[in-house]
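Participant: Please see the structure below; I have some questions.
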Amino acid sequence: SDAVCERTELDAIRFAKEMQAEYWSVSAKTGENVKELFSRVAALAFEQSMIKELENTPGHRAQIGEGDLISM
């Protein structure tokens, strides 16, 4: 029912806040927010990868492709 779905979503939002995590409402059925969620996950993974690379590189600098150097 709609009430059960609303309660479940409120519980999920509360749980995400307790974990200091992001909450995303997505639907495999309609495709709502699916691309956005995957883009966010990819961006977070890339960010963590770059942070790790910067931490392990002398001078804390890295370069992506032909672009400018990134410094920490």
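Participant: Collect the residues in region 26-72 that are among the hydroxyl-bearing types (Ser, Thr, Tyr) and either closer than 23 Å to CYS5 by Cβ or open to solvent by 100 Å² or more (accessible area, probe 1.4 Å) (or both), keeping them in residue-number order. Steps first, answer last, please.
Facilitator: Looking only at region 26-72, we keep the residues that are among the hydroxyl-bearing types (Ser, Thr, Tyr), and these are 27, 30, 39, 49, 57, 71.
Listed by number, the residues that qualify are SER27, THR30.
Participant: Of all the residues that make up region 21-72, how many are under 30 Å from THR8 (Cα atoms), in a loop (DSSP other than H, G, I, E, B), of a type outside the set (Phe, Trp, Tyr) and touching a residue at least 12 places away in the same chain (Cβ under 8 Å)?
Facilitator: Total meeting the criteria: 2.
The values are calculated or read from the model by the stated rules, or taken from the named source; none is laboratory data. Here the structure is a predicted model, which means the values were calculated and not measured. Cβ coordinates were reconstructed from backbone atoms using ideal geometry, including for glycine residues, and neighbour counts include every protein chain displayed. All accessible areas refer to the heavy atoms of the entire protein, side chains included, with ligands and DNA or RNA removed. Shrake-Rupley method; radii C 1.70, N 1.55, O 1.52, S 1.80 Å.
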